[in-house]
Ligand SMILES: Cc1cc2nc3c(=O)[nH]c(=O)nc-3n(C[C@H](O)[C@H](O)[C@H](O)COP(=O)(O)OP(=O)(O)OC[C@H]3O[C@@H](n4cnc5c(N)ncnc54)[C@H](O)[C@@H]3O)c2cc1C
């Protein structure tokens, strides 16, 4: 019987578990312990609307009343330092312990630090939380040039915004294409052209070797492995994240690129779940273990845990989806498209859609400025049987029509 749920982390996943538990009728105690100060807030706008407009009020999920009315105890600016699994207790940085019947680890991820000289210089920036975003915004407003190390979603979103602010922008990407971890080559190429059109200097196959010092402890640019030097008065390091797993690992839980959970988001300890950016879980029919970093993943896994805790367990089988806004271009991805061996590319009326197949089965669809196609893809990917290339070809690769037909 679960009477007291303690949630570690007050980000997207942590907030959602608490909110869903109340929605699902849980009447026990709920405490959220989060090391960031203030009310839980969403991160996606930090590299998008917030960076452009600087409006903080829109970031929070709910105001303080919500927590009071729903009897959710929010302990902000407090870190969980250790888990005592035998005693079912967590130790807090403020010198007390909390008992739990069920513990939810929603500790998220932190930015990877680059092991290169100069990362400690002033004006070397990162973006994961609101403090980072405030600083980045101020610096962009007064900056002349920005070098972004890492051509992933966040680096490219910031690059587009910085161009809109009038800065000279260079993106330094170690691999041969942009967003290579998450999108197909056709979409990488499409965004390469978009960024170059916006005036971003994109350097592919380029490794940052050092951040240069202007002689006064401030960044002056980036030196690449081939000796080339890129001048910039601001440097953003956006080279991926590492899951926050230390307290789980110290408590003896199995950790391998995230806290390992089963298809119900449970660790090997039946009193501990893990969700969101910090958790790795079995995905798809072959059970490949993945760790995803997205709002959808955090929210749906939180809902899955909530349902289990109120006695309505179900396996986690949601279709992953992502988005990224880069200038006026909205990239949306349904499914996981890595490992595709065939791409169907449809480009018309300013919209792009790339259907990604592996062994003739639809893995996912990447779209640009094509919300209808994205929604159709999500519906098709949720069907029990994967869509076959042959069937899609027969329908002229029209996913919207196929999705309507599937719904009858
Ligand atoms: C700038 C930016 C833009 C993004 N844009 C998008 C987007 O467009 N679309 C999308 O789908 N996703 C986007 N994401 C990713 C998305 O925000 C994350 O996947 C999501 O926030 C994950 O939720 P989470 O709760 O697992 O982790 P987080 O939101 O990171 O929350 C984890 C929290 O736990 C805290 N914590 C960690 N350890 C402890 C501890 N021991 N004790 C107490 N607290 C602890 C952390 O400080 C943090 O506050 C973006 C992320 C960033 C940073």
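Would you mind ranking 354, 158 so that the residue whose beta carbon has the fewest other beta carbons within 10 Å leads the list?
354, 158
Quote the FRET efficiency, to the nearest 0.05, computed for residue 382 versus residue 216 with a Förster distance R0 of 51 Å and r equal to the Cβ-Cβ distance. Don't jump to the answer; show the numbers that get you there.
On the way: r = 56 Å, r/R0 = 1.09.
FRET efficiency, residue 382 to residue 216: 0.35.
Can you give the helix-only mean residue ellipticity at 222 nm for the chain, where every DSSP H stretch with n ≥ 4 adds -39500 (n - 2.57) and the sum goes over all residues, rounded to the nearest 500 deg cm²/dmol? The partial results should precede the final answer.
Working: 11 runs with 107 residues, N = 408.
That comes out to -7500 deg cm²/dmol.
State the extension gain, in nm to one decimal, for the chain segment bounded by residue 87 and residue 57, taking 0.36 nm per residue of separation less the distance between their alpha-carbons.
Values: separation 30, 0.36 × 30 = 10.80 nm, distance 3.98 nm.
Answer, rounded to one decimal: 6.8 nm.
Among bridges DSSP assigns within the stretch 113-239, what percent are antiparallel (round to 5)?
35 percent
Name the shape class, rounded, prolate or oblate, that the alpha-carbon gyration tensor gives for the stretch 251-305, where a ≥ b ≥ c are the square roots of its eigenvalues, rounded holds for a/c under 1.5, and otherwise prolate holds if a/b is larger than b/c and oblate otherwise. Provide the component values of the computation, followed by the final result.
On the way: a/c = 1.45, a/b = 1.21, b/c = 1.19.
Rounded is the answer for the stretch 251-305, as its axis ratio a/c remains below 1.5.
Run the Debye formula on the Cα coordinates of the stretch 193-259, all scatterers equal and no solvent, and tell me log10 I(q)/I(0) at q = 0.23, 0.26, 0.27 1/Å.
-0.98, -1.14, -1.19
So, in nm, how far is label residue 132 from label residue 175 when the simple model puts each one 7 Å beyond its Cα toward the Cβ?
1.9 nm
What is the extension gain from residue 205 to residue 369, computed as 0.36 nm multiplied by their sequence separation minus the C-alpha to C-alpha distance, in nm to one decimal?
Working: separation 164, 0.36 × 164 = 59.04 nm, distance 2.79 nm.
Full extension from residue 205 to residue 369 adds 56.3 nm.
Describe numerically, in nm with one decimal, the distance between label points set 7 Å from Cα along Cα→Cβ at residue 360 and at residue 113.
The two pseudo-label positions are separated by 5.2 nm.
Give the average over all directions of the projected area of the C-alpha convex hull of the stretch 37-103, one decimal, in nm². Walk me through the intermediate numbers first.
Working: hull surface 23.7 nm².
Directional mean of the projected Cα hull area for the stretch 37-103 stands at 5.9 nm².
May I have the extent of the alpha carbons of the stretch 349-403 along their three principal axes, as whole Å values ordered from largest to smallest?
Cα extents, longest axis first: 29, 19, 19 Å.
For a label point 7 Å from the Cα of residue 342 along Cα→C-beta, name the residues of the stretch 375-393 whose backbone N is under 20 Å from it.
377-378, 380-393
Which three lengths, in whole Å and largest first, does the stretch 179-224 cover when its Cα atoms are put on their principal axes?
Extents along the principal axes, in whole Å: 42, 22, 14.
What percent of all Cα-Cα pairs in the stretch 113-239 falls in each 5 Å bin, counting up from 0?
2, 12, 23, 25, 20, 12, 4, 1, 0
Calculate how many DSSP beta bridges within the chain are antiparallel, expressed in % of all such bridges and rounded to the nearest 5. Intermediate results must be reported in sequence, preceding the final value.
Values: 50 of 84 bridges.
So the antiparallel bridges amount to about 60 percent of the total.
Does the stretch 81-156 classify as rounded, prolate or oblate by the C-alpha gyration tensor (a ≥ b ≥ c root eigenvalues; a/c under 1.5 gives rounded; else a/b over b/c gives prolate, otherwise oblate)?
Here the stretch 81-156 falls in the prolate category.
Over the stretch 113-239, what is the relative contact order in whole percent, taking alpha-carbon pairs under 8 Å and six or more residues apart?
Details: 261 pairs, mean separation 44.9, N = 127.
Contact order relative to length: 35 percent.
Compute for the stretch 255-408: radius of gyration divided by Kirkwood radius, i.e. Rg/Rh, restricted to C-alpha atoms, rounded to two decimals.
Working: Rg = 16.7 Å, Rh = 16.6 Å.
On the Cα set of the stretch 255-408, Rg over Rh gives 1.01.
Could you tell me the calculated FRET efficiency between residue 285 and residue 79, based on Cβ-Cβ distance and R0 = 56 angstrom, to the nearest 0.05?
Details: r = 39 Å, r/R0 = 0.69.
For R0 = 56 Å, the calculated efficiency reads 0.90.
Once you sort the root eigenvalues of the Cα gyration tensor of the stretch 1-71 as a ≥ b ≥ c, which label holds: rounded (a/c under 1.5), prolate (a/b larger than b/c) or oblate (the other case)? List each step's numbers first, then the result.
Working: a/c = 2.65, a/b = 2.27, b/c = 1.17.
It comes out prolate by the Cα gyration axes.
Evaluate the relative contact order of the chain (contact order divided by residue number), counting alpha-carbon pairs under 8 angstrom at least 6 apart; express in whole percent.
Details: 907 pairs, mean separation 58.1, N = 408.
Rounded, it is 14 percent for the chain.
Cα extents of the chain along the three principal axes, largest first, in whole Å?
Principal-axis extents of the Cα atoms in the chain, largest first: 64, 60, 37 Å.
How high is the relative contact order of the stretch 328-407, given as a whole-number percent (alpha carbon pairs under 8 Å, six or more residues apart)? Walk me through the numbers on the way to the answer.
On the way: 139 pairs, mean separation 20.9, N = 80.
Relative contact order for the stretch 328-407 comes out at 26 percent.
Read-outs throughout are calculated quantities, based only on the coordinates presented, and are distinct from any laboratory measurement. These numbers come from a predicted model, not from an experiment. Methodologically, a virtual Cβ is constructed for each residue, glycine included, from the backbone with ideal geometry; neighbour enumeration extends over all protein chains shown.
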